[in-house]
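The values are calculated or read from the model by the stated rules, or taken from the named source; none is laboratory data. Not measured: the values here are computed from a predicted model. Don't worry about glycine lacking a Cβ; one is built from the backbone with ideal geometry, like all the others, and counts go over all protein chains shown. Note: accessible area is taken over every heavy atom of the protein model, side chains too, but ligands, DNA and RNA are not part of it. Shrake-Rupley method; radii C 1.70, N 1.55, O 1.52, S 1.80 Å.
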Amino acid sequence: MKAIVMNGAKGCEMLEHVERPEPVAGPGEALVEIAFAGVNFMDIGVRQGAVWADRPNPKVLGVEGAGRVLAVGDGARGVAPGQRVAWVYAPGSYAERIAIPAASLVPVPNVIDDRTAASVMMQGLTASHFATDFYPVQPGDVAFVHAAAGGLGLLLTQIVRLRGGHVIGRVSSDQKVAAAKQAGADHVIVDAEGRFADEALRLTNGDGVHVVYDGSGPKTFQGSLDVLRRSGVFCWYGPILGGPGPLDIMSLPKSIKIGYAAFLDHIHTPELLRASSARLFDWITEGKLRVRIGGEYPLGDAAKAHADMESRKTTGKLLLVP
């Protein structure tokens, strides 16, 4: 079986396309043939040594994908051979096959293709957490969405709009404006230096936004504070680019609320995972949520997919095809 492993923490050159032992479904697990594996910033963090540092090398990257069940182990419930499934967190997904706990799998409806299913799990469930759980967007709310043309930003923008909110999106280049607007952003600010607050305040007549979703790292932190209105909510996410450093809680302005959002808190039981995934699939089927795929790469080209994502030149979701 072919898979992508890393032999040390560094650049894309650490990724290797190698032969690995065939996985076997253990108790409570399903053996899955992977049709598509999602590429996420978390994977870049793993490659750089920011996360999974306690796992010995060589290790197989990737956590997200979609495919078809080949076999099930003893005690595996809710899945059967031949069933199409998707998953949001199963380490070792950059591979042709994988053994996954059955409780981590969700059924994929016949009307949803594998490509779409693999594209919506991580970023769709994260966006769902941000806009329906961490800060339940209300009709008329204004949200500021960083990286609005990325896979997460595009889905988050659409979910905010589904809930009756408005979106000011931030993108890093003029080439990404159209994608953000197509997703429903009311306004799009082009900025690559963290200088967006004045324009966002102008667009809200000086009031500021109800919520800001920021996973862009330390350089945007102060600007995100500045764009919030009184009692606004700051949703900080994504460990890969680092945090803002120590905070003096008494220095936070305008009675704002700030927190670190992790998607696993949205789906911390198998029942919640399946219910939240089913809602995403329903929105897609009903035409309310559109998934934009920014690129597909052969599994052996995982290093190129990482390089393209790190360059910030891509829009939408990147996929690997085993």
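When both bridge partners sit in the chain, DSSP labels roughly 55% of those beta bridges antiparallel. The tail of the calculated P(r) for region 64-140 beyond 18 Å holds 46 percent of all Cα-Cα pairs.
Debye-formula intensities of region 184-276, expressed as log10 I(q)/I(0) at q = 0.14, 0.15, 0.20 Å⁻¹, are -0.59, -0.67, -1.03 (one equal scatterer per alpha-carbon, no solvent). Cα gyration tensor of region 157-316, axes a ≥ b ≥ c as square roots of the eigenvalues: rounded (a/c below 1.5), prolate (a/b > b/c) or oblate? It comes out rounded by the Cα gyration axes. With 28 Å as the limit, the listed pairs Lys10/Lys317; Lys59/Lys176; Lys176/Lys257; Lys254/Lys288; Lys181/Lys317; Lys176/Lys288 have Lys59/Lys176; Lys176/Lys257; Lys254/Lys288 beyond it between alpha carbons.
Can you tell me the 0 to 90 degree angle between the C-alpha axis of helix 114-129 and the longest principal axis of the chain, rounded to 10? Tilt of helix 114-129: around 40 degrees.
The equivalent ellipsoid of region 158-207 has semi-axes of 18, 16, 7 Å, largest first, where each one is the square root of 5 times an eigenvalue of the Cα gyration tensor. Charge tally for Phe134 (other residues, Cβ to Cβ under 12 Å; Lys, Arg +1; Asp, Glu -1): -1.
Scanning residues 5 or more positions from Glu64 or on other chains, those with amide H under 5 Å from its amide H are Gly38, Ala90, Ser93, with H placed 1.01 Å from N in the peptide plane. DSSP loop GluC sites (Glu not before Pro) in region 218-319 with at most 11 other Cβ atoms within 10 Å of their Cβ, which ones? Passing sites in region 218-319 are Glu286.
Spherically averaged projected area of the convex hull of Cα atoms, region 2-52: 4.5 nm². The alpha carbons of region 1-87 stretch over 39, 22, 21 Å along the principal axes, in descending order. The calculated 222 nm mean residue ellipticity attributable to helices in the chain amounts to -7500 deg cm²/dmol, summing -39500 (n - 2.57) over DSSP H runs of n ≥ 4 and dividing by all residues.
Sorting Leu162, Leu125 by accessible area puts them as Leu162, Leu125; the probe is 1.4 Å, largest comes first, and only protein heavy atoms count. In a DSSP loop and with at most 16 other Cβ atoms within 10 Å, the trypsin sites (Lys or Arg not before Pro) in region 42-105 are Arg77.
Convex hull volume per residue, computed on the Cα atoms of region 257-312, equals 179 Å³. Modelled spin-label separation between Val24 and Gln138, with each label point placed 7 Å from Cα along the Cα-to-Cβ direction: 5.7 nm. Asp207 exposes around 90 Å² of accessible area when a 1.4 Å probe is run over every protein chain in place. Each residue of region 251-268 is assigned a 3J(HN,Hα), and the resulting list reads 8, 5, x, 6, 6, 6, 10, 10, x, 9, 9, 10, 4, 5, 6, 7, 9, 7 Hz, derived from the Karplus form 6.51 cos²θ - 1.76 cosθ + 1.60 (θ = phi - 60°), x at Gly and Pro. Ignoring ligands, DNA and RNA, what percent of the accessible area of the chain is carbon or sulfur (1.4 Å)? Carbon and sulfur: 52 percent of the exposed surface of the chain. Put one equal scatterer on each alpha carbon of region 212-262, apply the Debye formula with no solvent term, and list log10 I(q)/I(0) at q = 0.24 1/Å to two decimals. The Cα Debye sum returns log10 ratios of -0.93. Only protein heavy atoms count here; under a 1.4 Å probe, Ile249 has an accessible surface of about 130 Å². Here Glu13 sits with roughly 120 square angstrom of accessible surface, probe radius 1.4 Å. Taking R0 as 25 Å, what FRET efficiency do you get between Gln175 and Gln222 from their Cβ-Cβ distance, rounded to the nearest 0.05? It comes out at approximately 0.40.
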